[in-house]
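Below you'll find the structure, written out as structure tokens, and then a few comments.
The values are calculated or read from the model by the stated rules, or taken from the named source; none is laboratory data. Because the structure is a prediction, the values reported are computed rather than measured. Neighbour counts run over all protein chains shown; Cβ positions are idealised from the backbone, glycine included.
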Amino acid sequence: MEENRSLVGQEEAQTEQVDYSQLDSMEDLLEQENVDIEFPRQGEIRKGVIVGLNGDEVLISIGTKSEGVLVSREWDRIPEEERATFVEGAEIPVFVVRPEDQNGNVVLSYLRAREEEDWTWVESLRDSGEIYEGTIAGYNKGGLLVPMRTLRGFVPASQVSVVRRSKATGDTPEERWSQMVGEPIQVVVVEVDRNRRRLILSERAALKETREVLKDRLLDDLEVGDIRTGRVTSLADFGAFVNIDGADGLVHISEISWERINHPKEMLKIGEEVEVKVISVDKDRRRIGLSIRQLQEDPWVRKVKKLRVGQLVTGVVTHLTKFGAFARIEGDEDLEGLIHISELSEDRIAHPKEVVQEGDELTLRIIKIDIDRRRIGLSVRKVDSAAYADLDWKMDLAEEVTELEQPEEAAPAEEAAPVEEAPVEEAPAEEPAAVIEEPVQESIEEPIQEEEQAEEEPGEEHPAEPMSEETQPEEEETSA
């Protein structure tokens with residue numbers, strides 16, 4: 001009986017030796033024994049549970065027969081706030097560096113697992129176009145560096161916003177970018193390459209997306225006539241774009257200044273803060289029209305306030321057209337008026353060149369001032385018109401009164417001499433002053449409508465006007 005048992009034991013031992021020798025690996029052995037263990041593969045990311053902490057050594061169970069360990073020196077590289085969460089029983093993601101080392105342990109990496117998860121995250125941001133708000137952490141010669149979790153993205157200089165780039169002055173990267181470190185920034189992911197560890201970001205694209213959303217909101221709130229403060233974002237030949245409340249509006253070159261300019265850069269700089277007036281809102285075309293000059297006093301209006309209808313001025317003909325001649329009023333190159341063809345001569349003419357030429361200096365009468373349309377009407381024909389004779393006389397007397405009222409500036413040594421002559425000059429000086437004081441006031445307050453009526457009906461309103469022309473020289477000589 002004992003012999004039979006020994007023979008059976010020998011056969012079983014031989015069978016086991018034969019079976020084990022045919023197995024290729026531990027995995028085959030486990031499969032043969034129906035053990036349900038999933039062996040780790042290199043590059044795989046798993047969820048692990050911390051089962052032991054010994055200084056900088058961390059034991060992690062990932063469901064295999066033996067525990068895994070973090071790669072050497074990784075403990076010190078893990079951020080301190082994350083290390084504080086490493087306690088027994090805590091679940092963390094791990095990356096399989098090697099399925100088995102010489103000691104039979106699985107070599108794991110927590111940082112690589114986080115990094116792989118972050119690559120997947122930035123790829124989702126790229127696909128969705130979602131805007132990421134971060135902080136500028138550094139720079140190099142080509143642009144700015146922005147951390148995105150455990151990754152570091154790069155914003156090329158060409159993708160930095162125009163406003164931020166306008167602040168980048170200097171010849172070296174440090175001079176251009178150093179002052180921006182620590183500033184917040186909005187970016188979108190435009191390129192992801194895991195193999196080359198390449199992550200490219202764009203601030204310009206992010207701001208464009210943001211501006212589109214803000215512009216829709218702003219278009220609903222803006223009203224023509226609103227006054228806003230904005231910042232110049234870009235300049236073009238046709239005008240300047242100004243950002244107001246996150247959306248861009250256009251200030252056409254004609255709305256930048258009352259003066260004529262050839263390019264917006266003559267008056268504005270990128271990044272400059274300006275006050276603008278909303279002059280148009282087109283919701284269908286999503287356009288906002290702005291103006292800078294309408295918030296400034298029109299120099300043309302200020303200058304034309306010195307003139308009045310009926311006043312005689314000297315002008316130089318600047319150019320001719322079939323409907324009249326343009327003349328620049330002497331003393332101010334910015335003021336130009338039109339002499340209509342009907343106001344050039346008493347005779348009927350076909351073209352202004354029959355009576356005037358460019359460069360001719362003429363005495364002209366102002367017959368119209370239209371401030372709203374910025375137009376001045378001039379006349380050659382009405383220079384000697386009887387309808388304006390009374391007005392001319394009053395204006396001449398007003399000028400004399402102004403001269404008499406100005407204080408005389410005489411040297412102390414000459415003060416004694418005029419005292420003897422004073423009685424001789426006093427009588428004529430006081431007499432015209434008493435006579436002309438009242439007409440001067442009338443000439444200032446006289447409505448322009450009366451002058452126009454005088455022009456239309458000289459016979460009825462001013463029957464004595466022809467005599468006033470004859471007597472005018474005598475009165476002027478007397479006053480002189």
Practice problem: With a cut-off of at least 3 residues that are outside the structural domain of PRO173 (by TED's automatic domain parsing) and within 52 Å of the chain's Cα centre (by Cα), name the strands (runs of 3 or more DSSP E) lying wholly within the stretch 49-152. | Solution: 91-98
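Mind checking which residues of the stretch 155-190 are within 13 Å of TYR132 (Cα to Cα) and either of a type in the set (Phe, Trp, Tyr) or within 19 Å of the chain's Cα centre (by Cα) (or both)?
At the first step, the residues of the stretch 155-190 found to be within 13 Å of TYR132 (Cα to Cα) are 155, 184-190.
Across the stretch 155-190, the qualifying residues are ILE185, GLN186.
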Quiz item: Given (1) more than 30 Å from VAL188 (Cβ to Cβ); (2) exposed (fewer than 12 other Cβ atoms within 10 Å of the Cβ), where does GLY43 come up short, assuming only one miss?
Solution: (1)
Quiz item: In the stretch 69-80, is there at least one residue being at pLDDT below 90 and small (Gly, Ala, Ser)?
Solution: yes
Quiz item: Are any residues in the stretch 153-186 of a type in the set (Asp, Glu) and part of a strand (DSSP E or B), and if so, which ones?
Solution: none
Practice problem: Quickly run through the stretch 201-246 and pick out the residues that are among the hydroxyl-bearing types (Ser, Thr, Tyr), surrounded by fewer than 20 Cβ atoms within 10 Å (Cβ to Cβ) and farther than 19 Å from ARG293 by Cα. | Solution: THR210
Quiz prompt | Per-region count, the stretch 162-182, residues in contact with a helix residue (DSSP H, G or I) (Cβ under 6 Å, 6 or more places away or on another chain) and either in contact (Cβ under 8 Å) with a residue 60 or more places away in the chain or within 30 Å of ALA113 (Cα to Cα) (or both) | solution = 0
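Quick one: would you say ARG293 is at pLDDT below 90 and either out of contact with any helix residue (DSSP H, G or I) (no Cβ under 9 Å at 6 or more places or on another chain) or crowded, with 16+ Cβ neighbours inside 10 Å (or both)?
Details: at pLDDT below 90: no; either out of contact with any helix residue (DSSP H, G or I) (no Cβ under 9 Å at 6 or more places or on another chain) or crowded, with 16+ Cβ neighbours inside 10 Å (or both): yes.
Taking the combined requirement at face value, the residue does not satisfy it.
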Practice problem: Kindly provide the set of residues from the stretch 368-383 that are over 22 Å from VAL355 (Cβ atoms) and in a loop (DSSP other than H, G, I, E, B), ordered by number. | Solution: ILE371, ASP372, ARG373, ARG374
Practice problem: Those residues that are in contact with a strand residue (DSSP E or B) (Cβ under 8 Å, 6 or more places away or on another chain), within 25 Å of ARG165 (Cα to Cα) and without any contact (Cβ under 8 Å) to a residue 40 or more places away in the chain, I need them from the stretch 247-286; list them, please. | Solution: HIS252, ILE253, ILE256, HIS263, PRO264, LYS265, LEU268
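Going through SER61, SER128 one at a time, which residue ends up being surrounded by 13 or more Cβ atoms within 10 Å (Cβ to Cβ) and of a type in the set (Ser, Thr, Tyr)? Write out each step before concluding.
Numbers: SER128 fails: surrounded by 13 or more Cβ atoms within 10 Å (Cβ to Cβ).
Only one candidate passes the filter, namely SER61.
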Exercise. Restricting attention to the stretch 247-264, report how many residues are crowded, with 20+ Cβ neighbours inside 10 Å and either acidic (Asp, Glu) or not assigned by TED's automatic domain parsing to the domain that holds VAL281 (or both).
Key: 1
Quiz item: Got at least one residue in the stretch 222-243 being at pLDDT 85 or above, in a strand (DSSP E or B) and under 18 Å from GLU130 (Cα atoms)?
Solution: no
Quiz item: Residues in the stretch 201-209: is at least one part of a strand (DSSP E or B), touching a strand residue (DSSP E or B) at 6+ places or on another chain (Cβ under 7 Å) and either under 24 Å from ALA247 (Cβ atoms) or not polar (S, T, N, Q) (or both)?
Solution: yes
Quiz item: Mind checking which residues of the stretch 39-48 are assigned to a strand (DSSP E or B) and basic (Lys, Arg)?
Solution: ARG46, LYS47
